[in-house]
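J.: Submitted below is the structure of interest, expressed as structure tokens.
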Amino acid sequence: MSNRGGERSAASHVPALAPLETAVERAIEEVRAVRERAAEAEARAERNEQLLRQFVDGREDPGALASRVAELEAENEGLRARIEQGRESVDRILASIRFLEERR
């Protein structure tokens, strides 16, 4: 006895499985993405817990940290201003070069 009828019915279901396979693949990718985000969140939570323990244990002085943050923010502002001045200087130099090239 031949099982050709069974083969035909199985073959006829293959195109119908394509959307299901696509949906399963998407679901698997979403699960992977959720697992990655969960792992990152757990790592952040652990780091935060360690920092909190340092504050509670008195190993870190919140006032000193706040002062250091203020210093770094002021330093960043100064660096940003210097970068902007540098960009303006470069723009002026480029404009001069373009002008001189056009005069040739």
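The values are calculated or read from the model by the stated rules, or taken from the named source; none is laboratory data. Since the model is a prediction, treat every value here as computed from it, not as a measurement. Cβ sites come from the backbone with ideal geometry, for glycine too, and all protein chains shown count toward neighbours. Side chains included, ligands, DNA and RNA excluded: accessible areas come from the protein's heavy atoms. Shrake-Rupley method; radii C 1.70, N 1.55, O 1.52, S 1.80 Å.
J.: Which one of the conditions (1) open to solvent by less than 100 Å² (accessible area, probe 1.4 Å); (2) in a helix (DSSP H, G or I) does ARG53 fail to meet, given that it meets all the rest?
T.: Of (1) open to solvent by less than 100 Å² (accessible area, probe 1.4 Å); (2) in a helix (DSSP H, G or I), only one is false for ARG53: (1).
J.: Continuing with the same structure: When you go through GLU25, GLU60 one by one, which is the residue that is surrounded by 10 or more Cβ atoms within 10 Å (Cβ to Cβ) and not in a helix (DSSP H, G or I)?
T.: Numbers: GLU25 fails: not in a helix (DSSP H, G or I).
Matching residue, one of GLU25, GLU60: GLU60.
J.: Moving to a separate point now. Please verify whether GLU88 is without any contact (Cβ under 8 Å) to a residue 24 or more places away in the chain, surrounded by 10 or more Cβ atoms within 10 Å (Cβ to Cβ) and not in a helix (DSSP H, G or I), treating the condition exactly as stated. Walk me through it before giving the result.
T.: Working: without any contact (Cβ under 8 Å) to a residue 24 or more places away in the chain: yes; surrounded by 10 or more Cβ atoms within 10 Å (Cβ to Cβ): yes; not in a helix (DSSP H, G or I): no.
So GLU88 does not fit the description; no.
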